[in-house]
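Written below as structure tokens is the structure these notes are about.
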Amino acid sequence: MSDRHNRYDLRRCGGDAQAEMTLDEALALPRVAICGAANTGKTTLSAKVQDGRDVVHTDDFIGVLPESGGGAIIAESLASTERFVLEGVKAANALRAGLVVDVAIWAETVHVDHTVGQARQAKAVRTVFDQWVEQDGGRTTIVEI
């Protein structure tokens, strides 16, 4: 991928500040959340992180954490961790529950057609993410890819 195609516009939640950095630069920040619907490349993107940080996949908690409140449990478990990457459809729930990150990456492009259930889930995940953006009030850098 050329450098030109590896650059993304960053914006502050609720603000007008604009900056440009590569996705690799965003992924190098200490605390990263990668959010998005199913089949948007979240896990593939998290695999680019090779610096020894913990990479937490929320899919690993399916059937383990309660459907309601699972985001809060994830947020609490990472609260004292200085360097991590959190990825998965429940990452937005952890943000909304108070998880502090340096950058939140929203993966938009669906790479495989969604089932009806996945399409419903995609809308729900976006709603949670948007609620967090409003709650965050511009403190966190957002990257939309």
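Bear in mind these aren't lab numbers, they're just calculated from the coordinates by the rules spelled out. The shown structure was predicted, so the numbers you read here are calculated from the model rather than taken from an experiment. Counting neighbours? That spans all protein chains shown, and the Cβs are built from the backbone with ideal geometry, glycine included.
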Backbone HN-Hα couplings from phi across region 129-145 [Karplus 6.51/-1.76/1.60, Hz, Gly and Pro as x]: 4, 5, 5, 5, 4, 5, 5, 5, x, x, 6, 10, 6, 10, 10, 10, 10
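Take the Cα pairs of the chain, get the Kirkwood Rh, then feed it into Stokes-Einstein at 4 °C and 1.567 mPa s and tell me D in µm²/s.
Diffusion coefficient, whole number: 85 µm²/s.
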Net +/- balance of residues flanking VAL32 in space, Cβ distance below 13 Å, scoring K and R +1, D and E -1: -2
Sum of -39500 (n - 2.57) over DSSP H runs of 4+, divided by residues of the chain (222 nm, nearest 500): -9000 deg cm²/dmol
Most mobile listed residue (GLY98, GLY69, GLY88) in the chain, GNM with C-alpha springs under 10 Å: GLY69
Percentage relative contact order, region 72-145, counting C-alpha pairs under 8 Å, at least six apart: 44
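Can you give the local net charge around LEU65? Use residues other than it whose beta-carbon is closer than 14 angstrom to its beta-carbon, Lys and Arg +1, Asp and Glu -1.
Numbers: positive: LYS90; negative: ASP59, ASP60, GLU67, GLU76.
Around LEU65, the charge tally is -3.
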Cα→Cβ-extended label distance, 7 Å offset, between GLN50 and GLU134, nm: 4.2
Contact order normalised by residue count of the chain, Cα under 8 Å, 6+ apart, percent: 37
